[in-house]
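Presented below is the structure to which this report refers.
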Amino acid sequence: MVPYEYYSKLSKASDLANKKDRLLYRSFEILPGVLAWLTIILIFLLSAMTPVFMALFIIIFDVYWFIKTVYLSLHLRVAFGKVRQNMNDNWLEKVKVVKIASPELGMNSWEDLTHLVLLPMYKEPLETVEAGIESIAKANYPKDKIVVVIAQEDRAGDEFNDKIADELKSKYQNIFREFFVVKHPGNIPGELAGKGSNIAYAGKWFKENYADKNGIPYEKIITSAFDIDTVIMPEYFGRLSYVYLTTKDPLYASYQPVPFYVNNIWEAPAFARVVAFSATFWHTIKQERVESSTTFSSHSMPFKVLVDIDFWQHNMVSEDSRIFWQAFLRYDGNYRNESLYFPVSMDANVAHSFWQTMINIYKQQRRWGWGVENVPYFMFGFVKNKLVPLKKKLYLGFTIIESFWSWSTNAIIIFLLGWLPIALGGVEFNKTVLSYNLPFITRGIMTFAMVGLVSSAILSILILPPRPPKLGRFKHLLMILQWALMPVTMILLGAFPGLEAQTRLMLGKYMGFWVTPKDRIKK
């Protein structure tokens, strides 16, 4: 069997010296884009060549989409109910009486557990950085069990970094067990500038300069890698500790909260709000579909795992999901995501103008879509690692690839291409009863499918932060009416950036890391 180290740090096909392996990896890079474009091209061709078949296909596809919408809506309601329940519990009190499930942790009590929080930053304003740290300082959890590491980027400039560091240290140095500011050098060969290389450096720094020096067993440290705009709920560390200490095989799991993109939701335009809520609801649904979920954005994991896999990759963009696959392959498939059913709040994408906001949302969605770079990574790993169970390989391979295919094609098929058999089918097809009824049938199915939007509209009101009084009560009504924009956002700010990301990977036009601006708009 090929050693894990052979493929553990791959970022693209050209990283491989062996020609056969390079071609195999490249074929996996091409696969998602080919599937997406082949689907779109075939719909055009078959609409002209066999319009009856395509009309029936579109009806069946719409029915499938309706069933899927209802299915996901049920998952959303169940998961959201669990999240709300967990938000009402005092998890610190539960942790204090918990029975530790796994002897391998080497803990006598919950008090042996250390929380490491990594906060990567790059030119974000002080108020954004401070909001997240302040939420940690106000957490219902002993601060002497929390170590905070601010991971700065050297390329942000000494003047900016030093000013921020001085202000944060003066305020928080004595609140936590330790409060470090670590500066990531910008000239390390082979690194891609971005979050992955930054937090990998900070994690290694913590290992060498704190954990090892103080003799802290790695099993007794759990790491939370947060985006800099992440604001935690008071019970987050209590909930995380409880799950970590009570779950089976805790050292073989990541721990995923639900990102609620609501920090600045009242400042966001309607399109941005719909995208933010849609992302929130999708990740809430994934809490119920843990068998196929991977880590995303802010998440937590055992420090021992990070040491075993040599931390986050420093040469690729989507480090948040790649870290899951690194661990999955390192442990021969014996690794999973544990759903916390607990939220962290983050920023919606908001810029200083409407059009800049739209551009930033598109770029952010494209970067999220660039998570498709993990497909060739884990598929290549599946080929090389014979110890991963075949059933897991088949299930995860199909499920993840299908999810990227759906991302880039489903909205286009439903909202843009349903009319193609009528437009391209010719005179004979347009004389048929099927041609006449096709628009009515698809419209009716889509109308029933809107039940999912109703659920989303209701839940979006429930997770809103307090409304600023200056905005007026009419703003709540707009939070309901905005869901009429859903078809547009699914295409322009969903399918298109997803398709672009897959096309770039297919053509070998690799992306760099784009940092989402985190400025708060003052109104």
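Here are a few things to note about the model shown:
- From Ala48, Ala79, Ala55, residue being part of a helix (DSSP H, G or I) and within 25 Å of the chain's Cα centre (by Cα): Ala79
- Lone unmet requirement of (1) within 26 Å of Lys94 (Cβ to Cβ); (2) of a type outside the set (Lys, Arg); (3) modelled with pLDDT under 95 for Ala272: (1)
- Test for Ala348: is it part of a loop (DSSP other than H, G, I, E, B) and over 12 Å from the mean Cα position of the chain (by Cα): yes
- Scan the stretch 268-299 for residues that are aliphatic (A, V, I, L, M) and under 11 Å from the mean Cα position of the chain (by Cα) and the total you get is 1.
- Enumeration of residues in the stretch 177-194 that are within 17 Å of Asp310 (Cα to Cα), in contact with a Phe, Trp or Tyr (Cβ under 7 Å, 6 or more places away or on another chain) and either β-branched (Val, Ile, Thr) or not in a loop (DSSP other than H, G, I, E, B) (or both): His184
- No other residue among Leu251, Leu240, Leu245 is buried (at least 24 other Cβ atoms within 10 Å of the Cβ) and either at negative phi or under 13 Å from the mean Cα position of the chain (by Cα) (or both) apart from Leu240.
- Test result for Gly452, of a type in the set (Gly, Ala, Ser), at pLDDT below 75, buried (at least 19 other Cβ atoms within 10 Å of the Cβ) and within 25 Å of the chain's Cα centre (by Cα): yes
- Residue list for the stretch 425-438, filter: surrounded by 14 or more Cβ atoms within 10 Å (Cβ to Cβ) and of a type in the set (Val, Ile, Thr): Thr432
- The residues of the stretch 302-342 that are over 23 Å from Phe513 (Cα atoms) and either at pLDDT below 95 or part of a helix (DSSP H, G or I) (or both), listed by number, are Phe303, Lys304, Val305, Val307, Asp308, Phe328, Leu329, Arg330.
- In this structure, Trp405 does satisfy being at pLDDT 80 or above, surrounded by 13 or more Cβ atoms within 10 Å (Cβ to Cβ), under 21 Å from the mean Cα position of the chain (by Cα) and within 26 Å of Gly494 (Cα to Cα).
- Evaluated against (1) crowded, with 18+ Cβ neighbours inside 10 Å; (2) farther than 19 Å from Asp320 by Cα, Asp227 falls short on exactly one condition, (2).
- Contact map, the stretch 391-402: first residue touching a residue at least 40 places away in the same chain (Cβ under 8 Å), second residue not in a helix (DSSP H, G or I), Cβ cut-off under 7 Å, separation 6 or more or different chains; pairs are Lys392/Gly333.
- The stretch 50-70: number of residues that are farther than 18 Å from Trp405 by Cβ and out of contact with any Leu (no Cβ under 9 Å at 6 or more places or on another chain): 4
- Of everything listed in (1) loosely packed, with under 14 Cβ neighbours inside 10 Å; (2) free of Cβ contacts under 8 Å to residues at least 60 places away in the same chain; (3) in a helix (DSSP H, G or I), the single unmet condition for Asn174 is (3).
- Criterion applied to Ile413, Ile441, Ile422 was being surrounded by 13 or more Cβ atoms within 10 Å (Cβ to Cβ), within 30 Å of Val290 (Cβ to Cβ), out of contact with any Lys or Arg (no Cβ under 8 Å at 6 or more places or on another chain) and β-branched (Val, Ile, Thr), and the one residue passing it is Ile413.
- Scanning the stretch 279-291 for residues that are modelled with pLDDT under 90 and of a type outside the set (A, V, I, L, M, F, W, C) gives Arg289, Glu291.
- Top-ranked residue of the stretch 87-129 - restricted to ones that are within 23 Å of the chain's Cα centre (by Cα) and assigned to a helix (DSSP H, G or I), ranked as nearest to Gln152 (Cα to Cα): Val129
- Taken over the stretch 71-106, residues that are among the hydrophobic types (A, V, I, L, M, F, W, C), touching a helix residue (DSSP H, G or I) at 6+ places or on another chain (Cβ under 7 Å) and within 17 Å of Phe281 (Cα to Cα) amount to 5.
Here is a yes/no grid of residues against (1) under 22 Å from Gln326 (Cα atoms); (2) crowded, with 22+ Cβ neighbours inside 10 Å:
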| residue | (1), (2) |
| --- | --- |
| Ala137 | no, no |
| Ile146 | no, no |
| Ile150 | no, yes |
| Arg155 | no, no |
| Glu167 | no, no |
| Lys195 | yes, yes |
| Lys204 | yes, no |
| Asp212 | no, no |
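The values are calculated or read from the model by the stated rules, or taken from the named source; none is laboratory data. All values reported here derive from a predicted model rather than from experimental measurement. Neighbour counts are summed over all protein chains in view; Cβ atoms, including those assigned to glycine, are modelled from backbone coordinates with ideal geometry.
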